[in-house]
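First comes the structure, then the notes that go with it.
The values are calculated or read from the model by the stated rules, or taken from the named source; none is laboratory data. All of these numbers come straight from a predicted model, not from anything done at the bench. Every residue, glycine as well, gets a Cβ built from its backbone with ideal geometry; the counts of neighbours run over all protein chains shown. These area figures cover heavy atoms from the full protein model, side chains too; ligands, DNA and RNA do not enter into them. Shrake-Rupley method; radii C 1.70, N 1.55, O 1.52, S 1.80 Å.
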Amino acid sequence: MGNDRLMGSLRRIGLAVWPGLPRPAGGSADRPADGGARARARSRDRERLVRAEWEALRARLAPAAAEHVAQVGELLADPRLEFTPESEESGVRRDYLLATDAYQAAGKLLDEAADLPDLAAAVVLADRAVELFAAARARHLGQRPHAPRPRCFYNPLHGPAAEPPRDQRGRKGRRVVAREAAAARRPACESCRLALLAGESPDVLPALWTARDDRGRPVTLLVPYYALPRQASIWAGTACGSYDPEASGRVLRGEHRTRPAG
């Protein structure tokens, strides 16, 4: 299916948020009129740049995600797999139906994606469809299904999280220990884990969000997807559905559309 190649191309899209995203700045009520005008102009310029960056990322991710989902569909329909979904085996049929739901949810997300995390979730659910289909076929053949590995929390498009080294007792120093703790806090791919160990920001998946500055004015920002309020995104705490076994059903019920204003 070329999954490694597709994951490599998704990683090279450049879905990174720069560290230290600027906080929306307001101004005092007694600021001179010309200073206020300049501040508003700068704010509009920043917003145009943010939206242009978001549009560019979306334009690159959308076709890559669509290709990935389409290849998963071809796999599920491949007659050479010698697998009959009408099997009476309960475990086989359950996994096959769950795989079908995950694939349908991935396609629904492609059609209705409002932001980059929706597209990332389409890739995640397409991969879940493959995993569930493989589990169904393994059960059909009397084999034990492989347990899927958790995906990178910081950017689920990076694929499976890396296995952290088991023995790090030889390292010393409070700074190193703190970085190791940060790297172990959430599942991370090798690249993100190494960035955290180096005290750097990982290559996170961004999302578009409208916040309010200290004067109550709307400001559009790119933020890490997991920084979105949980009531605004079903992806924020689940690595775009990676850690939520009910993600497919939630998408098919339309819960991914819930997104209150910032």
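Details
- Of all residues in the range 216-226, those satisfying the criterion of being more than 23 Å from Ala239 (Cβ to Cβ) and buried (at least 16 other Cβ atoms within 10 Å of the Cβ) are Val219, Thr220.
- Filtered by the rule that a residue be in contact with a Pro (Cβ under 7 Å, 6 or more places away or on another chain) and not small (Gly, Ala, Ser), the range 107-154 gives Leu116, Val124, Glu131, Arg139, Arg149, Pro150, Arg151, Cys152, Phe153, Tyr154.
- Filter result for the condition that a residue is within 11 Å of the chain's Cα centre (by Cα) and open to solvent by less than 50 Å² (accessible area, probe 1.4 Å), over Pro202, Pro229, Pro206: Pro206
- Any hit, the range 216-224, residues being modelled with pLDDT of 90 or more and in a loop (DSSP other than H, G, I, E, B): no
- Condition check for Asp213: open to solvent by less than 30 Å² (accessible area, probe 1.4 Å), among the charged types (D, E, K, R) and modelled with pLDDT of 90 or more: no
- Any pair with Cβ under 8 angstrom, 6 or more apart, that starts in the range 132-151 at a residue that is under 30 Å from Arg185 (Cα atoms) and ends at one that is of a type in the set (Lys, Arg): Pro145/Arg139; Pro148/Arg128
- Within the range 104-117, being in a helix (DSSP H, G or I) and surrounded by fewer than 24 Cβ atoms within 10 Å (Cβ to Cβ) holds for Gln104, Gly107, Lys108, Leu110, Asp111, Glu112.
- Considering the range 234-248, the residues that are surrounded by 14 or more Cβ atoms within 10 Å (Cβ to Cβ) and out of contact with any Asp or Glu (no Cβ under 8 Å at 6 or more places or on another chain) include one that is nearest to Arg40 (Cα to Cα), namely Ala236.
- Qualifying residue in the range 115-123 (condition: of a type in the set (D, E, K, R) and more than 20 Å from Pro224 (Cα to Cα)): no
- Test set (1) of a type in the set (S, T, N, Q); (2) assigned to a loop (DSSP other than H, G, I, E, B); (3) farther than 23 Å from Leu110 by Cβ; (4) touching a residue at least 40 places away in the same chain (Cβ under 8 Å) - Gln231 fails condition number: (4)
- Selection count where residues are part of a loop (DSSP other than H, G, I, E, B) and open to solvent by 30 Å² or more (accessible area, probe 1.4 Å), scope the range 249-260: 4
- Of the residues Ala33, Ala16, Ala64, Ala99, the single one that is under 30 Å from Glu200 (Cβ atoms) and either open to solvent by 80 Å² or more (accessible area, probe 1.4 Å) or at pLDDT 60 or above (or both) is Ala64.
- Qualifying residue in the range 166-188 (condition: assigned to a helix (DSSP H, G or I) and modelled with pLDDT of 95 or more): no
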